[in-house]
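Everything on this sheet refers to the single structure shown next.
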Amino acid sequence: MPKVSEDHRVERRRQIIDAAMTCFARSGFEGTSMADIITESGLSAGAIYSYFKNKQELILQVTRDVLRSRSEDLDGLEKQDPLPPPQAVIRMFLAGMTRDIGNPSILVQIWAAAAAEPRETSTVIPVVVELRGLYERYLRVWFAQKGFEDSDDRARAVAPLVVGLCQGYILQSALLPDFDGEHYLAALDELGFA
């Protein structure tokens, strides 16, 4: 039997995850079965189960992928010169999130599933804490460049609000049919962050 390359394995996992995300966006986590994911992927059941034991494993992987790629966007941001303003960072974060997940209801479902998980085994909480920490690190440098002597305290206070602004955008875009994302983002320019 020919040996499967690592690139092939990565591509096959990505194909399965993409199929799962499509199904989750269409029918929700609860309304999606492994049979739905198998059909959407075009792969055999054996191929799917050789990568993921069950739907819960797929949900966890989707969660990790979505949130981890956003962490990568923020990591090292504080080293950029010139440092982008917070409004630009939030726009970049949300653009990446929208590009990665397509349907924001997937994130709302991830948060709902996380709320039901025991905190000590949560897969989402550590990633959200990491995102908040990355925003805080960036904001500490931004406030210091703006001449604030209390840049550490200010960054610690503002970082959860920035995460909340991002979550608010995602939640409203998932729930409200008349949500105006451009208007929301334009309002960011009214925030001084100072």
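Report the residue count in region 89-103 for those that are open to solvent by less than 40 Å² (accessible area, probe 1.4 Å), over 14 Å from Val163 (Cβ atoms) and more than 10 Å from the chain's Cα centre (by Cα).
0
Given the residues Gln145, Gln109, which is the only one that is at pLDDT 90 or above and out of contact with any Asp or Glu (no Cβ under 7 Å at 6 or more places or on another chain)?
None of the others qualify; the one that does is Gln145.
Within region 165-180, which residues are open to solvent by less than 30 Å² (accessible area, probe 1.4 Å) and either of a type in the set (Val, Ile, Thr) or without any contact (Cβ under 8 Å) to a residue 40 or more places away in the chain (or both)?
Gly168, Ile170, listed by residue number.
Is there a residue being under 16 Å from Arg137 (Cα atoms) and either in contact (Cβ under 8 Å) with a residue 24 or more places away in the chain or open to solvent by 30 Å² or more (accessible area, probe 1.4 Å) (or both) anywhere in region 59-70?
Checking region 59-70: at least one residue is under 16 Å from Arg137 (Cα atoms) and either in contact (Cβ under 8 Å) with a residue 24 or more places away in the chain or open to solvent by 30 Å² or more (accessible area, probe 1.4 Å) (or both).
The values are calculated or read from the model by the stated rules, or taken from the named source; none is laboratory data. Note that the coordinates shown come from a computational prediction; the quantities given were computed from them, not determined experimentally. Because the Cβ atoms are built from the backbone with ideal geometry, glycine has one as well, and the counts that use them run over all protein chains shown. Ligands, DNA and RNA are stripped out before the accessible areas are found, and what is left, the full protein with its side chains, is counted by its heavy atoms. Shrake-Rupley method; radii C 1.70, N 1.55, O 1.52, S 1.80 Å.
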